[in-house]
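One structure is given here, and the rest of the page talks about it.
The values are calculated or read from the model by the stated rules, or taken from the named source; none is laboratory data. Because the structure is a prediction, the values reported are computed rather than measured. Virtual Cβ from ideal backbone geometry, glycine too; neighbours counted across all protein chains shown.
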Amino acid sequence: MSLWRTELALILRSRMAVAALSLLLAVSAAAIIAGLHTVSLQQATIARALQTQAGEMATQAALHSGEGRDAGDTGYYTFHATWDPPSPLAFAALGQRDVQPYLLRIRLLGLQAQLYESENFNPELALAGAFDFAFVLIYLMPLVVIALMHDLITGERESGRLRLLVATAAGDARGLWRRRILLRIGLVLGALLLPLLIGLAYTGALGWQARVVIIISVLYTTLWFAVSAWAAARQRSSATSAMLMIGIWLTVTLLLPTLANALINRAVPAGRGVDLMLEQRQQVHAGWDQPKEETFERFFRTHPEWRGTPPVAGRFHWKWYFAMHQAGDDGVADQAAEYRNSLLARQRWTDRAGWVLPGVAVQGLLHRLTDTDLHAQLAYQDRVASFHKALRLYFYPYLFQERPFMRADFDAMPAYAVRPSAGSLPWLSLLVLAMLTVLLSALAARGLRRATAVR
């Protein structure tokens with residue numbers, strides 16, 4: 001035990017080590033605070049929207065207190081709030097929640113235009129990603145590891161102590177380096193995970209997902225220590241060792257993921273949701289200049305049950321207007337499916353890139369665990385689409401049979417229900433990360449034995 005205390009005292013006597021660990025602790029705490037603040041703002045936005053929604057619904061309900069209203073007026077002027085609340089773990093990895101809508105107000109109009117009309121984020125601002133725990137873990141933590149490990153062996157060699165140190169350790173040279181590395185791993189994990197544990201306790205996110213996040217953090221940190229130990233064992237000077245580690249960090253965390261992303265985007269082209277929205281709106285606007293029979297014919301292809309209803313007389317009728325919007329949605333259904341499939345294909349290739357790029361794997365795993373990835377966003381869109389369909393099916397009998405819409409009918413309208421997404425964790429990526437960590441640790445141990453062997 002005294003050897004461990006002595007090694008710990010040696011580490012803490014280094015100003016660079018203390019400064020690096022203190023900086024990691026401060027940055028990790030700042031990331032947790034920033035994540036909690038962002039989640040709090042999103043929760044407050046949802047709460048304000050629901051409060052406003054309640055007032056608007058009360059106003060609309062008062063209009064039905066007499067003899068009722070045309071169902072078309074109600075469908076057009078009544079907004080229905082849909083929302084995707086952040087998970088308890090969302091503060092740790094915000095994922096797509098900082099660029100994709102988590103709150104949409106839906107009417108009886110065409111769905112596709114409403115899904116993507118909020119897709120107006122600045123791509124330059126979104127490129128760097130959110131400042132959260134995932135960012136600190138993937139990009140900043142390795143730099144602290146490099147600061148602690150670059151002179152692990154070379155520092156002793158340059159000072160002339162290496163041969164004496166190894167000889168003094170006698171048959172326990174392996175234990176010497178194991179103690180030094182394990183102490184550094186413990187200190188880095190302590191500085192990194194302490195703010196996260198406080199954040200988990202604050203939000204009550206203490207389920208299995210939180211435990212897996214901690215396991216991933218331990219694996220990824222250990223992996224970088226293994227890489228740094230391997231690099232340190234191959235160099236003769238501290239400066240060269242640091243440069244090699246920085247080069248590995250730049251290549252693995254920045255250059256290769258950027259190249260992989262560019263290749264995936266080129267191999268799997270995908271449009272934009274806003275383009276889908278514009279196409280749907282163009283089809284709707286074109287319907288104003290087409291004969292009503294053509295619009296109804298397009299609508300009846302997917303809704304044949306309303307084919308025998310009375311025809312429209314006059315220039316305008318609500319059932320023709322909403323049929324035109326639904327025909328616009330049907331007209332871009334293939335494009336919407338293609339857009340969705342292309343996004344999922346890109347995600348699958350990104351997951352595969354994570355098999356060889358640890359940072360990509362960790363990011364995907366954290367976003368899945370915190371329910372902030374593409375699958376969570378698509379699951380929210382599916383819930384909105386299901387709710388929109390329920391509204392349409394509820395209103396169509398009133399529209400096509402021209403029945404008055406009474407107060408009781410208003411009160412019986414479908415209500416949006418929040419359901420958690422049911423995406424599965426990519427366990428294969430986690431297994432590959434664990435295997436890669438074990439393999440690199442074995443290579444590092446072998447390199448350390450060779451580098452410190454007394455000749």
Can you confirm whether the range 298-306 contains a residue that is in contact with a helix residue (DSSP H, G or I) (Cβ under 6 Å, 6 or more places away or on another chain) and under 19 Å from residue 282 (Cα atoms)? yes
Residues in the range 280-296: is at least one touching a residue at least 60 places away in the same chain (Cβ under 8 Å) and under 30 Å from residue 350 (Cα atoms)? yes
Hits in the range 8-57 - residues which are surrounded by 12 or more Cβ atoms within 10 Å (Cβ to Cβ) and more than 28 Å from residue 198 (Cα to Cα): 10, 49, 50, 52, 53, 56, 57
Residues of the range 51-79 being touching a helix residue (DSSP H, G or I) at 6+ places or on another chain (Cβ under 7 Å), outside any helix (DSSP H, G or I) and either among the aliphatic types (A, V, I, L, M) or modelled with pLDDT of 90 or more (or both), which ones? 78, 79
Please go through the range 58-87 and give me each residue that is closer than 30 Å to residue 206 by Cβ and buried (at least 20 other Cβ atoms within 10 Å of the Cβ), ordered by number. 82, 83, 84, 86, 87
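Please note which helices (runs of 4 or more DSSP H) are completely contained in the range 348-415 and include at least 2 residues that are closer than 22 Å to residue 109 by Cβ and more than 34 Å from the chain's Cα centre (by Cα).
Working: elements: 358-369, 374-400, 407-411.
Of the helices (runs of 4 or more DSSP H) lying wholly inside the range 348-415, those with at least 2 residues that are closer than 22 Å to residue 109 by Cβ and more than 34 Å from the chain's Cα centre (by Cα) span 374-400, 407-411.
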Quick one: how many residues across the range 1-18 are under 18 Å from residue 146 (Cα atoms) and without any contact (Cβ under 8 Å) to a residue 60 or more places away in the chain? 6
Do any residues in the range 76-95 that are of a type in the set (A, V, I, L, M) have Cβ atoms under 7 Å from those of residues that are surrounded by fewer than 24 Cβ atoms within 10 Å (Cβ to Cβ) and assigned to a loop (DSSP other than H, G, I, E, B), where the two are at least six apart or on different chains, and which pairs are they? 81/416; 89/205; 94/130
Within the range 175-184, can one find any residue that is at pLDDT below 80 and not hydrophobic (A, V, I, L, M, F, W, C)? yes
Just name the residue that is modelled with the lowest pLDDT out of those in the range 192-209 that are under 23 Å from residue 426 (Cα atoms) and either of a type outside the set (A, V, I, L, M) or surrounded by 22 or more Cβ atoms within 10 Å (Cβ to Cβ) (or both). 207
Does the range 332-349 contain any residue that is modelled with pLDDT of 90 or more, acidic (Asp, Glu) and within 23 Å of residue 208 (Cβ to Cβ)? no
If I filter the range 304-335 down to residues being in a loop (DSSP other than H, G, I, E, B) and among the basic types (Lys, Arg), which single residue comes out as nearest to residue 74 (Cα to Cα)? 315
Single unsatisfied condition, residue 301 versus (1) at pLDDT 85 or above; (2) outside any helix (DSSP H, G or I); (3) not polar (S, T, N, Q): (2)
